[in-house]
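This report refers to the structure that appears directly beneath it.
Just so it is clear, none of the values below were taken in a lab; they were calculated from the coordinates. This is a predicted model, so every value here is computed, not measured. Heads up, the Cβs are rebuilt from the backbone with ideal geometry, glycines too, and the neighbour counts pull from every protein chain shown.
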Amino acid sequence: MTTVFKKTPVLTDTIMHYCPGCGHGIVHRLVAEVIEELGIQDRTIAFVPVGCAVFGYKYFAVDCVEAAHGRAPAAATGTKRVNPNNIVFTYQGDGDLASIGAAEIVHAAHRGEKITTIFINNAIYGMTGGQMAPTTLVGQKTTTSPYGRDPEHCGKPLRVAEMIATIEGAAYVERVAVDCTPNIIKAKAAIKKAFQCQIDGKGFSLVEVLSSCPTNWGKSPAEAMDWIKSDMIPYYPLGVKKDRTNE
Amino acid sequence: MAKKLMKGCEAIAEAAIQAGCRFFFGYPITPQNDIPEYMSARMPKIGGCFLQAESEVAAINMVYGAAAAGARVMTSSSSPGVSLKQEGISYIAGAELPCVVCNMMRGGPGLGSIQPSQGDYFQATKGGGHGDYHLIVLAPSSVQEAVDLMHNAFDLADIYRTPVMLLADGIIGQMMEPVEFHEHEQKELPAKTWAVTGWKGDRPRSIVNSLYIEVDELQEMNDRLQARYKEIQEKEVMVEQYKTEGAEVIVCAYGTVARICKSAIALCEAKGVKVGLVRPITIWPFPEKELRAVMAQPSVKREITVEISAGQMHEDVRLAINGMKPVDFYGKPGSYTPTAEEIADYILKTREA
Ligand SMILES: Cc1ncc(C[n+]2csc(CCOP(=O)(O)OP(=O)(O)O)c2C)c(N)n1
Ligand code: SF4
Ligand SMILES: [Mg+2]
């Protein structure tokens, strides 16, 4: 019998707590596979966020640090500065990174910190029960925008990848989605490139991943994937926003 | 080594480096800017790292990350900035990481003043951030003592896996005094087997974390912390007793104020009144037993706490003395530093009352 799929050893055997259809599980696997393929498991340090991925340290089979809400880029900076040979990545949600941690991510990029950030944009605060995030779409109903996000009242959603790409210290920035197989394959390639960017010492790298939260979107897993395509991608265009990895 | 005239902040920074600190993350705020400035000049020369963070919030989280990686790391700030660090300090306490935080206290609340103050005693000794934790808090009363305590600070942090705070009033930071950098004995310290350095399979994975979602697991962590605090209280109290034997009045003060109290004691002595001083060097753990023993002397009639605050340490003094003898407080909140004459007058007046 030929093996067609094998779980990467960079994921532990612990059963994940994510809801059915949640994008976090997919992205965890992609990140772990990339770490395996690049042969960096023994020197990678994961910084997990406060958000649904808070238990990431149970899943990534590498040394892990649980950071305070939004502060992972600062904490990761501390570790990377101590051991520059470590491959240090942060894994952060959109409440974590784009709201409370906006300063930390901007300045990690601004310093050209040689770390990698995997940014999960699911347009919502998943863990706390579906409140509005800076990335929540206009008109999107959440528990704190029950009539739909009103841009007059709280602005229009923040495009993080584009914003970070404007910062000199950012070497590689791409937005991907995990709504369908072709996009998942592209997402993995982007994540791999982002880690390679760090290995090569080029500067800060960030991959924004449009991801599903069926539970708080009030959708089935299949509907949630469709909604990424129909509603998120038009506002958050996929693609490379910055690439100076060849410089 | 010969004595050198140095500004407090610079001496503290140099002492930290000599104690093995190689990582410093901070954000400018008066009156402690000479610490980051000194670090920024020295660290690159000795293979260390000084990084100016985008905020005190970021700085303390960089400390968290560097401590997680096993480094000797410190940050410094002054009152408003230390308030911003409290979330991070709580996480560091919860994750059981060693680090040193320096607070050059200035007047508050709010933006307050840039003059010296002792208004952050509660914040420093009662935890400061959320949750049931303590820092070891060292309160120098001279530049020399600050220098000497810096070695203790890093060792204590490593031994007890806890953040240690050097709590000084702005006077200590800004004053110039002759200092000597002594050779310190290299203590045998526990290996940092818990540090995140990359998992090669030869040890369990290192996970630096303060999340314990199950009630019993969180309880276990808290029990571990409390046991450690108890041990610290038993073993690490530092206190100076000055002319306490046979004294009629005991003054309790820390930091620069304690030095002014010594001058006040001389003034009282000239008037024939015997006054002694109990000066906590560790304000957490607070020298409860030591103060109680001094107060129990038959000669002692009363206690007077002197602080640049509304009477913050005075609460710990009262808890320690627990009604055994009358207590009194002299001082003002904000930034007013009392003179020796004012303190002496107050001592003599209350004594007669
Ligand atoms: C200082 C602080 N503020 C608020 C919270 C509560 N909190 C926990 S997770 C979270 C939002 C998480 O949303 P996001 O970052 O988008 O992650 P997701 O769960 O969607 O993956 C918030 C506000 C906290 N833990 N700490
Ligand atoms: S709440 Fe949303 S983001 Fe969180 S695990 Fe469930 S689906 Fe995923
Ligand atoms: Mg989210």
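Positive end of the dipole of chain B (Cβ unit charges, origin at the Cα centre): among B:I12, B:A139, B:A53, the Cα lying farthest that way belongs to B:I12. A crude spin-label estimate for the pair B:E234 and B:A2, with each label 7 Å from Cα along the Cβ direction, gives 4.7 nm. Considering helices alone, the calculated mean residue ellipticity of the protein assembly as shown at 222 nm is -11000 deg cm²/dmol, with DSSP H runs of length four and up weighted by -39500 (n - 2.57) and normalised per residue. Of A:K80/A:K229; B:K271/B:K325; B:K45/B:K235; A:K186/B:K85, which sit over 30 Å apart, Cα to Cα? With Cα atoms farther than 30 Å apart: A:K80/A:K229; B:K45/B:K235; A:K186/B:K85. Kindly identify segment B:231-345 as rounded, prolate or oblate by the Cα gyration tensor criterion: order the square roots of the eigenvalues as a ≥ b ≥ c, call it rounded if a/c is under 1.5, otherwise compare a/b with b/c, prolate if a/b is larger, else oblate. Because a/c hits 1.5 or more and a/b fails to exceed b/c, segment B:231-345 counts as oblate. Which longest uninterrupted range of chain A lacks any chymotrypsin sites (Phe, Trp or Tyr not before Pro) assigned by DSSP to a loop state (not H, G, I, E or B) and surrounded by at most 14 other Cβ atoms within 10 Å? Looking at chain A, A:6-146 is the longest stretch - no exposed chymotrypsin sites (Phe, Trp or Tyr not before Pro) with at most 14 other Cβ atoms within 10 Å. Under 14 Å of direct C-alpha separation, and excluding same-chain neighbours fewer than eight residues apart, A:K6 reaches these aspartates and glutamates: A:E33, A:E36, A:E37.
Calculated on C-alpha atoms, the gyration radius of segment A:24-243 divided by its Kirkwood radius gives an Rg/Rh of 0.94.
Full extension of the segment from B:A266 to B:E315, taken as 0.36 nm per residue of separation minus the current Cα-Cα distance, would add 15.0 nm. Full extension of the chain between B:I46 and B:T339 yields a length gain of 101.3 nm, computed as 0.36 nm times the residue separation minus the alpha carbon distance. Averaging Cα coordinates gives a centre for segment B:314-353 and one for segment B:232-304; these two points are 11 Å apart.
Expected output is a single nm value to one decimal: the length gained when fully extending between A:E168 and A:K7, i.e. 0.36 nm times separation in residues minus the C-alpha distance. What is it? Don't jump to the answer; show the numbers that get you there.
On the way: separation 161, 0.36 × 161 = 57.96 nm, distance 3.73 nm.
Here the answer is 54.2 nm.
Our summary gives segment B:194-307 a relative contact order of 30 percent, counting only alpha carbon pairs under 8 angstrom and 6 or more residues apart. Database remark: amide H of B:V179 closer than 5 angstrom to the amide H of B:K4, B:L5, B:M6 (H placed geometrically; neighbours at sequence offset of 5 or more, or on other chains; Pro and chain starts carry no H). Once the chymotrypsin sites (Phe, Trp or Tyr not before Pro) in DSSP loops with at most 15 neighbouring Cβ atoms within 10 Å are cut out of chain B, the longest remaining piece is B:1-211. For chain B, averaging the sequence separation of C-alpha pairs within contact (under 8 Å, six or more residues apart) and dividing by the residue count gives a relative contact order of 17 percent.
Whole-Hz Karplus values for segment B:57-66 come out as 4, 5, 4, 5, 6, 5, 4, 4, x, 5 Hz, taken residue by residue from phi with 6.51 cos²θ - 1.76 cosθ + 1.60 and θ = phi - 60°; glycine and proline positions read x. 3J(HN,Hα) along segment A:157-170, derived from phi through the Karplus expression 6.51 cos²θ - 1.76 cosθ + 1.60 where θ = phi - 60°, amounts to x, 7, 9, 5, 4, 5, 5, 5, 4, 6, 8, 3, x, 7 Hz, with x in place of Gly and Pro.
Report the Stokes-Einstein translational diffusion coefficient (µm² s⁻¹, integer) for the protein assembly as shown, Rh taken as the Kirkwood radius over Cα pairs, at 25 °C with viscosity 0.890 mPa s. Estimated via Stokes-Einstein, D reaches 95 µm²/s. Taking amide H as placed 1.01 Å from N in the peptide plane, A:S145 has its amide H under 5 Å from the amide H of A:M132, each at least 5 places away in sequence or on another chain. Cα centroid distance between segment B:144-191 and segment A:98-147, in Å? When both Cα centres are located, 40 Å separates them.
Separation of segment A:1-72 and segment B:1-49, taken as the distance between their Cα centroids, equals 39 angstrom. Take every DSSP beta bridge whose two residues both sit in segment A:24-243; close to 20 percent of them are antiparallel.
Checking the a/c ratio against 1.5 first, then a/b against b/c, what shape does the Cα gyration tensor give for segment B:1-142?
In terms of gyration-tensor shape, oblate.
In this label model, B:K301 and B:K289 are separated by 3.1 nm, measuring between points 7 Å along each Cα→Cβ vector. What does the C-alpha gyration tensor say about the overall shape of chain B? Classify as rounded when a/c is under 1.5, otherwise prolate if a/b is larger than b/c, or oblate. Prolate. 3J(HN,Hα) couplings calculated from phi for segment B:288-294 with the Karplus curve 6.51 cos²θ - 1.76 cosθ + 1.60 (θ = phi - 60°) are, in sequence order, 4, 4, 4, 5, 4, 5, 4 Hz; Gly and Pro show x.
As a rough footprinting exposure proxy, the listed residues A:E247, A:E223 were ranked by other beta carbons within 10 Å of their own, and the order from fewest upward is A:E247, A:E223.
Roughly what % of DSSP beta bridges within segment B:4-235 run antiparallel, to the nearest 5?
Around 20 percent of the beta bridges assigned by DSSP in segment B:4-235 are antiparallel ones.
Taking only C-alpha pairs under 8 Å that are 6+ residues apart, what is the relative contact order of segment A:24-243 in percent? 19 percent. Neighbour counts of C-beta atoms inside 10 Å place A:K6, B:K235 in the sequence A:K6, B:K235, starting with the fewest.
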